[in-house]
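The values are calculated or read from the model by the stated rules, or taken from the named source; none is laboratory data. Quick caveat: nothing in here was measured; it's all calculated off a predicted structure. Positions of Cβ are backbone-derived with ideal geometry, glycine not excepted, and every protein chain shown enters the neighbour counts. Accessible surface areas use protein heavy atoms only, side chains included; no ligands, DNA or RNA. Shrake-Rupley method; radii C 1.70, N 1.55, O 1.52, S 1.80 Å.
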Amino acid sequence: MAPVLSPREILENLVAFPTVSSDSNLPLIEWVEEYLSGHGIPCHRQYNETGDKAGLYAHVGPMVEGGVVLSGHTDVVPVEGQPWSSDPFTVTERDGKLFGRGTTDMKGFDALAIWALVEAQQRGVSRPLQIALSYDEEIGCEGVIPLIEAMGELPKARDVIVGEPTWLKTVSGHKGGLGYTVHMRGFEVHSSMLHTGVSAIMYGAKIIEWANHMNDSLAASEPAGMAAQFDPPYTNLHVGLIEGGTAHNITARDCTFGFGYRVVPGESLDQWREVFLTKCREVEVQMQAVRPETSITATEIFALPPFAPEENNTAEALVRQITGDNSEGFVSYGTEASHFQAAGYKTVVCGPGSIDVAHQPDEYITVAQFEEGQRFMTRLLELLK
């Protein structure tokens with residue numbers, strides 16, 4: 001049998017794999033599978049369409065329904081251009097903190113979940129414990145969708161704990177999201193003859209400025225219903241990346257930008273999808289009135305439903321029993337919780353660390369939070385006996 005690693009040792013191994021979303025996560029998955037298999041835990045992979053990434057799931061305990069899933073993602077955001085004080089892919093302890101890319105978002109939880117699964121195998125549990133490790137969470141939570149479907153070959157668990165960093169507080173709801181890649185196709189002319197061409201950049205700016213006006217209007221409105229629980233208390237629109245153009249004196253033939261929503265529970269993705277596409281059609285008509293061959297192509301790249309509180313949520317009750325936390329938290333970032341909820345699982349978000357340092361240079365999880373996370377897992381195992 002393979003040696004049993006501590007949560008800290010598992011974390012060090014996981015962080016050493018640079019699983020940026022643009023790259024493969026297979027070396028990490030292979031390491032986890034080898035480690036769990038070495039302790040007699042059968043693992044299953046779910047590959048993406050190109051085969052360069054995979055999710056992993058496993059089951060410990062009796063082959064019956066009603067278990068608990070520990071859900072985490074394996075991908076991390078890039079480190080390029082960030083001023084790190086130490087190697088981002090080596091766990092470095094300083095001043096009571098464990099620095100490294102993914103230590104808080106969310107390989108810290110992944111390490112604790114892997115440790116708990118091996119502990120459950122050794123101790124024995126009467127209620128099953130499962131693990132679900134996904135890919136592509138950082139680019140829209142799309143990787144967990146086929147993973148959940150693949151997990152249908154296991155006895156269906158009842159409760160899911162999604163371990164995004166919440167300071168181990170209970171999170172009952174979060175915003176959803178829509179993401180698009182927008183390609184503006186203009187028509188090039190000399191800039192002195194601007195009126196005879198179509199600048200993809202300048203017409204793209206009309207959509208971006210519309211987003212600014214929408215945000216101002218939404219921010220000025222009175223929050224209604226569940227929206228009041230969030231910061232900010234409204235759906236917001238955002239453009240984070242843009243590129244295009246050929247030269248300063250040529251109207252841009254092409255412009256591409258990312259467009260996204262953060263949608264509060266109680267509002268539908270379909271509603272906001274139609275609002276955006278209607279605006280694109282409006283601007284496209286303006287472009288084609290000048291040059292008929294111009295166009296706007298809006299390609300949807302992800303759709304994450306809002307995660308909303310529900311009555312009789314046994315996953316919440318389980319976490320409250322473990323932590324003693326009776327608060328009801330709401331966060332504006334998205335997680336895989338809404339996809340599990342949509343698949344019929346009782347779901348809660350609760351994990352060690354702070355979202356405030358996620359994606360930042362010198363990302364860290366405090367030693368105290370990591371140790372508290374291990375105590376969380378120990379108490380969970382006691383409840384599964």
message: Can you compute the modelled spin-label distance between Ala220 and Ser22, with each label point 7 Å from Cα toward Cβ, in nm?
response: 3.9 nm
- prompt: Working out 0.36 nm times the residue gap between Met63 and Ala342, then minus their Cα-Cα distance, what length gain in nm do you get to one decimal?
  reply: 98.1 nm
- prompt: Which value in deg cm²/dmol, rounded to the nearest 500, describes the helix-derived mean residue ellipticity at 222 nm for the chain, given -39,500 (n - 2.57) per DSSP H run of n ≥ 4 and division by the residue count?
  reply: -10000 deg cm²/dmol
- prompt: Short version: ³J(HN,Hα) in whole Hz for each residue of the range 78-92, in order, from phi by Karplus 6.51 cos²θ - 1.76 cosθ + 1.60 (θ = phi - 60°), x for Gly and Pro, what are they?
  reply: x, 10, 4, x, 9, x, 6, 8, 8, 4, x, 9, 10, 5, 10
message: Beyond 35 Å, how much of the Cα-Cα pair distribution for the chain remains, as a whole percent?
response: 32 percent
task: Please work out the average accessible area per residue across the chain, using the 1.4 Å probe convention, and give it in Å².
output: 42 Å²
- prompt: Between Gln360, Gln130, Gln374, which gets the highest mean-square fluctuation from a Gaussian network model of the chain, Cα cutoff 10 Å?
  reply: Gln360
- request: Sort Ser338, Ser126 by accessible area with a 1.4 Å probe, largest first.
  value: Ser126, Ser338
statement: Between the Cα axis of helix 200-220 and the main Cα principal axis of the chain, the angle (0 to 90°, nearest 10) is 60 degrees
query: For the range 257-304, what Kirkwood radius comes out of the mean inverse Cα-Cα distance, in Å?
result: 12.3 Å
query: Can you give me the Cα centroid spacing of the range 118-175 and the range 315-380 in angstrom?
result: 11 Å
- line: With Cα springs under 10 Å, the Gaussian network model of the chain assigns the largest mean-square fluctuation among Gly67, Gly177, Gly51 to Gly51
- request: Give the calculated FRET efficiency between Thr90 and Ala228 to the nearest 0.05, with a Förster radius of 45 Å applied to their Cβ-Cβ distance.
  value: 0.55
query: So how far apart, in nm, are the two label points at His248 and Lys206 if each is 7 Å from Cα heading toward Cβ?
result: 2.6 nm
- prompt: Fully extended, how many nm does the chain gain between Lys169 and Trp31 (0.36 nm per residue separation, minus their Cα-Cα distance)?
  reply: 46.7 nm
- prompt: Cys350 accessible area, nearest 10 Å², 1.4 Å probe?
  reply: 0 Å²
query: the range 272-345: which GluC sites (Glu not before Pro) are DSSP loop and have at most 10 other beta-carbon atoms within 10 angstrom?
result: Glu293, Glu311
- line: Measuring from the longest principal axis of the C-alpha atoms of the chain, the long axis of helix 107-123 (C-alpha) lies at a number of degrees, nearest 10, equal to 30 degrees
task: Pull up the cross-link candidates among the aspartates and glutamates for Lys175, meaning alpha carbon to alpha carbon under 16 Å and not fewer than 8 places away within one chain.
output: Glu137, Glu138, Glu142, Glu164, Asp231, Glu267, Asp270, Glu310, Glu328, Glu336
Relative contact order computed over the chain (Cα-Cα under 8 Å; 6+ residues apart), in percent: 24 percent
query: Hey, what angle do you get for helix 367-383 against the long axis of the chain, alpha-carbon based, 0 to 90 degrees rounded to 10?
result: 60 degrees
task: Could you please state, rounded to a whole Å, how far the C-alpha centre of the range 251-266 is from the C-alpha centre of the range 185-239?
output: 8 Å
- request: Please name whichever of Pro292, Phe276, Val263 sits farthest to the positive end of the charge dipole of the range 252-292, dipole taken about the Cα centre and charges placed at Cβ: Lys and Arg +1, Asp and Glu -1.
  value: Pro292
- request: Given a cut-off of 27 Å, name the pairs among Lys107/Lys169; Lys169/Lys346; Lys97/Lys385; Lys53/Lys107; Lys279/Lys346 whose C-alpha atoms lie farther apart than that in the structure shown.
  value: Lys97/Lys385; Lys279/Lys346
